[in-house]
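*Asks:* Please read through the structure below; I'll follow up with questions.
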Amino acid sequence: MIRIFTFLTLFGAGVATTLGQTGSSCASAEPITIGQYVAPADDYFYAFTPAATGSYTARTCGLSGCDTKLWAYDHCTDLVVDDGALNSIAYNDDACGLQTVISMDLVGGETYYIRVGDYQNQCADSVVTWELIVNHVLPPPLVCAPDEVELDI
């Protein structure tokens with residue numbers, strides 16, 4: 001009886017681990033910052049929280065040799081994942097040959113989810129290298145001294 005219980009406990013833990021592997025879904029997205037990454041699987045999710053409000057770009061152009069797709073989402077709850085732009089704030093397929101570019105205006109401190117994928121499993125035998133860059137960030141808001149007043153002209 002103890003062996004059966006041990007088996008069921010280990011089996012249950014294995015299922016939970018498989019379902020929650022990092023990057024396998026939006027809920028288990030891998031946290032990232034600005035930089036270059038290698039997606040280990042198709043439809044791999046990353047979570048990015050920009051420090052500043054501004055314009056950002058995710059791209060595979062010149063970095064990956066297969067037919068790629070990129071999506072960006074501003075939410076994770078009730079996310080419907082499809083092959084188009086449904087629910088996304090940015091989506092692209094084939095911006096530079098078979099590779100991809102998406103530009104996003106993001107709010108500092110908010111979390112966004114970037115999904116890296118491919119067209120009809122074209123990248124199954126290779127990895128997808130991609131990068132996230134900052135194009136322009138807004139300057140921090142001005143803070144008035146106690147004896148100053150903000151004035152919009």
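The values are calculated or read from the model by the stated rules, or taken from the named source; none is laboratory data. Keep in mind the model is a prediction, meaning the values are calculated, not measured. Every residue, glycine among them, receives a Cβ derived from its backbone with ideal geometry; neighbour counts consider all protein chains shown. Ligands, DNA and RNA are stripped out before the accessible areas are found, and what is left, the full protein with its side chains, is counted by its heavy atoms. Shrake-Rupley method; radii C 1.70, N 1.55, O 1.52, S 1.80 Å.
*Asks:* Apply the Karplus curve 6.51 cos²θ - 1.76 cosθ + 1.60, θ = phi - 60°, to the phi angles in segment 148-153 and return the couplings in whole Hz, x for Gly and Pro.
*Replies:* Per residue, the Karplus-derived 3J(HN,Hα) values read 10, 10, 6, 10, 8, 10 Hz.
*Asks:* OK, next. Compute, for the chain, the length of the dipole vector about the Cα centre, with Cβ point charges of +1 (Lys, Arg) and -1 (Asp, Glu) only. Units Debye, rounded to 20. Walk me through the intermediate numbers first.
*Replies:* Numbers: 4 positive and 19 negative charges, 154 e Å.
With only Lys, Arg, Asp and Glu charged at Cβ, the dipole is about 740 debye.
*Asks:* N92's amide H: which non-local residues (gap 5+, or another chain) put their own amide H closer than 5 Å, with H modeled 1.01 Å from N in plane and none for Pro or chain starts?
*Replies:* Residues meeting the amide H criterion: L70.
*Asks:* From the list [x] -0.35, -0.61, -1.53; [y] -0.42, -0.66, -1.17; [z] -0.46, -0.65, -1.30, can you say which value of log10 I(q)/I(0) by the Debye sum over Cα atoms at q = 0.10, 0.13, 0.21 Å⁻¹ was derived from the structure given?
*Replies:* [z]
*Asks:* Net charge near E30: determine it from the other residues with C-beta under 15 Å of the C-beta of E30, scoring Lys and Arg +1 and Asp and Glu -1.
*Replies:* Working: positive: R115; negative: D42, D43, E131.
Overall, the nearby charge balance is -2.
*Asks:* Continuing with the same structure: Rounded to the nearest 500, what is the chain's calculated 222 nm mean residue ellipticity when only DSSP H runs of at least 4 contribute -39500 (n - 2.57) each, over all residues?
*Replies:* On the way: 1 runs with 18 residues, N = 153.
-4000 deg cm²/dmol, from helical runs alone.
*Asks:* Give me the net charge of A95's neighbourhood, meaning all other residues with Cβ under 11 Å from the Cβ of A95; Lys, Arg count +1, Asp, Glu -1.
*Replies:* On the way: positive: R59, K69; negative: D93, D94.
Taking every Cβ under 11 Å from that of A95, the sum is 0.
*Asks:* If amide H atoms are built 1.01 Å from N in the plane of the peptide, which residues on other chains or at least 5 residues away come under 5 Å of the amide H of T53?
*Replies:* It is G108, L138, by chain and number.
*Asks:* Report the local net charge at V127: Lys and Arg +1, Asp and Glu -1, summed over other residues whose C-beta lies under 12 Å from its C-beta.
*Replies:* Numbers: positive: none; negative: D42, D118, D125.
It works out to a net charge of -3.
*Asks:* Express the carbon and sulfur contribution to the solvent-accessible surface of segment 71-121 as a percent, rounded to the nearest whole number, probe 1.4 angstrom. Mind dumping the intermediate values first?
*Replies:* Working: 1160 of 2580 Å².
Carbon with sulfur: 45 percent of the solvent-accessible area.
*Asks:* So what are the ³J(HN,Hα) numbers for segment 75-87, from phi and the Karplus equation (6.51, -1.76, 1.60; θ = phi - 60°), rounded to whole Hz, Gly and Pro as x?
*Replies:* Coupling constants for segment 75-87: 8, 10, 5, 6, 6, 9, 8, 9, 8, x, 9, 3, 6 Hz.
*Asks:* Here's another thing I want to ask about it. Roughly how much of V143 is accessible, in Å² to the nearest 10, using a 1.4 Å probe?
*Replies:* 130 Å²
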